[in-house]
Amino acid sequence: MKMRNQWLALPLTSGLAATLLTGCGSESGGSASDSDSVVVGMSDDVLATDPAAGYDPGSWLLFNNVFQSLLSFPKGATEPEPEAARKCGFTDQQTKVFTCTLRDGLKFSNGNELTSKDVKYSFDRVLKINDDAGPAPMFAMLDKVETPDAKTVVFKLKSPDATFPSKIASGAGSIVDHREYPKDKLRTDSEAVGSGPYKLDSFDKDEADFSVNSGYKGTAKTRNDGVTLRFFHGDRKGLKKAITDHEVDVAYRGLAAGDIDDIEKNTSDQKMEVVEGTSAEVQHLVFNMKDPMAGKAGVRKAFAYLLDREALVDEVYQGTATPLYSIVPAGIGGHNTAFFDTYGARPQRDKAVSALREAGVNGKAKLTLWSTPSRYGPNTDDELRAIAMQLNASGLFEVDVKSVEFEQYEKDIKAGKYGVYVKGWVPDYPDPDNFTQPFFGKDNVLLNHYKNDAITGKIIPNTAAQSDRTSTDTDYGKLQDIVADELPIIPVWQAKQYAVARENVYGLENCLDASTVFRFWEISKG
């Protein structure tokens with residue numbers, strides 16, 4: 001199953017619960033507007049303006065502000081609440097029938113009425129187009145959508161899925177106007193018509209302009225006159241210069257660890273402030289279970305015994321990430337510390353020796369760690385080199401690091417050419433299901449030839465059927481323990497989420513949480 005971002009390039013965002021600071025800014029200057037319109041810079045691009053195609057963080061940022069979903073994630077929350085809907089809920093005991101009633105008076109920004117027909121059309125369209133870069137795989141369980149009347153939508157699922165409300169609360173659940181979007185192909189004019197709190201006024205490769213949608217009816221309360229989004233196309237140095245030179249009011253997504261550290265040390269002089277928030281973005285190392293060396297359980301265990309996450313985070317990420325000891329990150333239900341409990345926090349060479357010898361490796365274990373800086377950023381190469389140094393310093397491994405462009409990287413992973421490779425993950429929705437099913441379920445994204453029948457045959461189906469998500473903690477604990485024991489992947493770090501703002505900008509603390517929704521409407525200028 002493909003999920004959003006298909007292992008995203010991580011810009012050092014997300015993390016454990018952290019102190020949240022009020023956004024700030026600087027004296028007027030540069031080209032950033034001093035009106036109540038906010039200029040936001042980010043290193044990501046917006047790859048699509050059509051919700052049937054976009055599956056990247058930039059596109060979902062646009063979707064979350066221009067389109068409505070039936071449900072949405074309130075600031076700081078991981079449970080969805082009604083948005084375009086007045087109410088929603090499962091109407092059967094098997095979590096296979098989900099019914100929503102729409103709010104009164106919903107309209108698209110072009111003035112057209114939004115009814116249940118548009119909701120059905122939006123979901124049917126995503127599945128029909130089934131774009132390679134789209135969110136259709138999130139709704140593989142959806143059998144059909146019925147509309148008994150203009151205000152009622154009934155989703156009938158092929159199998160129980162208690163996470164369905166979270167899925168439709170994401171950017172994948174964006175509702176489009178059936179009169180504006182072709183049912184069997186993507187819209188290609190770079191325009192977007194939604195019913196969300198903002199309208200997309202213009203869009204090109206370097207900038208997008210948004211104004212407030214005066215006809216919006218929902219839970220968001222806008223605190224600015226509009227937003228201009230500037231794209232820096234992966235240019236981290238350019239993004240840093242733009243915020244320090246006051247060319248943008250906010251720098252979001254893409255600042256390197258050193259830039260964050262430098263800005264934090266000089267905020268009093270530059271009249272800016274670093275805003276730290278929570279999220280759930282993670283990075284893992286993936287083992288090819290059919291590789292002659294990485295496929296040996298003892299080699300993977302020795303690797304796990306020698307990995308020093310704390311040193312890695314301090315050395316490479318300068319504290320802008322935290323060590324991650326399980327596949328379900330902190331702040332998400334069901335999280336445990338299976339890797340800490342099994343392998344400890346500091347290197348244990350004696351246990352690594354025993355693991356290698358039991359695997360029949362009497363000399364040094366030779367491995368190559370594969371990276372792709374064009375997708376995961378320049379710090380990733382530094383990270384893998386630091387891990388290689390840790391392993392080589394033990395005298396038990398002979399490890400080198402290689403990196404290639406992303407397109408080649410993905411092809412080689414599918415062809416099984418790599419023994420160990422890095423992957424980053426940004427959740428579609430803040431539920432443990434989104435950190436487990438995509439990795440270990442049918443058609444999973446790992447492509448590492450790992451399968452465990454207890455996980456795929458019992459735990460994943462059982463947890464998917466439980467509407468009380470807290471009741472899944474025991475099963476998710478078992479799943480995490482199995483992964484720590486069998487080691488198809490090793491979690492490395494969980495990032496913190498940052499934005500940098502000028503001193504007269506407020507509300508960013510409400511834009512940086514585990515839902516990964518960057519809420520334009522929460523930002524204000526004073």
* To do: Among the residues of the range 413-442, write down those that are open to solvent by 20 Å² or more (accessible area, probe 1.4 Å) and in contact with a helix residue (DSSP H, G or I) (Cβ under 8 Å, 6 or more places away or on another chain).
  => 437, 442
* Asked: So which of 369, 312 ends up being of a type in the set (A, V, I, L, M) and within 28 Å of residue 430 (Cα to Cα)?
  -> 312
* Take the residues of the range 299-342 that are assigned to a helix (DSSP H, G or I), at pLDDT 95 or above and of a type in the set (D, E, K, R): which is most open to solvent (accessible area, probe 1.4 Å)? -> 341
* Structure fact -> The residue from 404, 361 that alone is under 27 Å from residue 259 (Cβ atoms) and of a type in the set (A, V, I, L, M, F, W, C) is 404
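Rundown of residues vs (1) in contact with a His (Cβ under 9 Å, 6 or more places away or on another chain); (2) at pLDDT 95 or above; (3) closer than 30 Å to residue 331 by Cα; (4) in a helix (DSSP H, G or I), yes/no style:
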{"position": "388", "(1), (2), (3), (4)": "no, yes, yes, yes"}
{"position": "395", "(1), (2), (3), (4)": "no, yes, no, no"}
{"position": "401", "(1), (2), (3), (4)": "no, yes, no, no"}
{"position": "428", "(1), (2), (3), (4)": "no, no, yes, no"}
* Asked: What number of residues within the range 105-129 satisfy the criterion of being touching a residue at least 60 places away in the same chain (Cβ under 8 Å) and either at negative phi or of a type in the set (Val, Ile, Thr) (or both)?
  -> 14
* Structure fact -> Flagged pairs (Cβ under 6 angstrom, 6 or more apart or on separate chains; first in the range 196-224, under 17 Å from residue 48 (Cα atoms); second open to solvent by 60 Å² or more (accessible area, probe 1.4 Å) and not in a loop (DSSP other than H, G, I, E, B)) are 209/201
* **Cβ-Cβ under 6 Å pairs, at least 6 apart or on other chains, the range 86-102 side at positive phi, far side surrounded by fewer than 19 Cβ atoms within 10 Å (Cβ to Cβ)** => 95/465; 95/467
* Would you check if residue 345 is of a type in the set (Gly, Ala, Ser), part of a loop (DSSP other than H, G, I, E, B), surrounded by fewer than 19 Cβ atoms within 10 Å (Cβ to Cβ) and free of Cβ contacts under 8 Å to residues at least 40 places away in the same chain? => yes
* Is it true that residue 482 is assigned to a strand (DSSP E or B) and either at pLDDT 95 or above or not polar (S, T, N, Q) (or both)? -> no
* Asked: Where residues in the range 234-266 are within 25 Å of the chain's Cα centre (by Cα) and basic (Lys, Arg), which of them is modelled with the highest pLDDT?
  -> 240
* Would a scan of the range 154-175 turn up a residue that is touching a residue at least 40 places away in the same chain (Cβ under 8 Å), over 27 Å from residue 463 (Cα atoms) and not charged (D, E, K, R)? -> yes
* Scan the range 85-94 and give yes if some residue there is over 21 Å from residue 65 (Cβ atoms) and among the small types (Gly, Ala, Ser), otherwise no. => yes
* Determine whether residue 157 is in contact with a helix residue (DSSP H, G or I) (Cβ under 6 Å, 6 or more places away or on another chain), crowded, with 19+ Cβ neighbours inside 10 Å and at pLDDT 95 or above. => no
* Looking only at the range 267-288, decide whether some residue is in contact with a helix residue (DSSP H, G or I) (Cβ under 9 Å, 6 or more places away or on another chain), assigned to a loop (DSSP other than H, G, I, E, B), open to solvent by less than 10 Å² (accessible area, probe 1.4 Å) and touching a residue at least 24 places away in the same chain (Cβ under 8 Å). => yes
* **Wholly within the range 129-231, strands (runs of 3 or more DSSP E) carrying at least 1 residues that are over 26 Å from residue 507 (Cα atoms) and of a type outside the set (Asp, Glu)** => 142-149, 152-157
* To do: For the range 391-402, enumerate the residues that are touching a Phe, Trp or Tyr at 6+ places or on another chain (Cβ under 8 Å) and surrounded by fewer than 20 Cβ atoms within 10 Å (Cβ to Cβ).
  => 402
* Does the range 460-472 include one or more residues that are assigned to a loop (DSSP other than H, G, I, E, B), touching a residue at least 40 places away in the same chain (Cβ under 8 Å) and of a type in the set (S, T, N, Q)? -> yes
* List every residue pair whose Cβ atoms sit under 9 Å apart, with the two residues 6 or more apart in sequence or on different chains, where the first one lies in the range 363-390 and is open to solvent by 20 Å² or more (accessible area, probe 1.4 Å) and the second, anywhere, is of a type in the set (Val, Ile, Thr) and in a helix (DSSP H, G or I). => 370/413; 373/380; 379/316; 382/316; 385/316
* Asked: Quick check: is even one residue across the range 454-467 open to solvent by 50 Å² or more (accessible area, probe 1.4 Å) and closer than 30 Å to residue 51 by Cα?
  -> yes
* Asked: Among the candidates 132, 189, which residue alone is open to solvent by 60 Å² or more (accessible area, probe 1.4 Å), at negative phi and within 24 Å of the chain's Cα centre (by Cα)?
  -> 132
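The values are calculated or read from the model by the stated rules, or taken from the named source; none is laboratory data. Please read all numbers here as calculations on a predicted model, not as lab measurements. Glycine also receives a Cβ, built like all others from the backbone with ideal geometry; neighbour counts cover every protein chain displayed. SASA here: full protein model, heavy atoms, side chains in, ligands and nucleic acids out. Shrake-Rupley method; radii C 1.70, N 1.55, O 1.52, S 1.80 Å.
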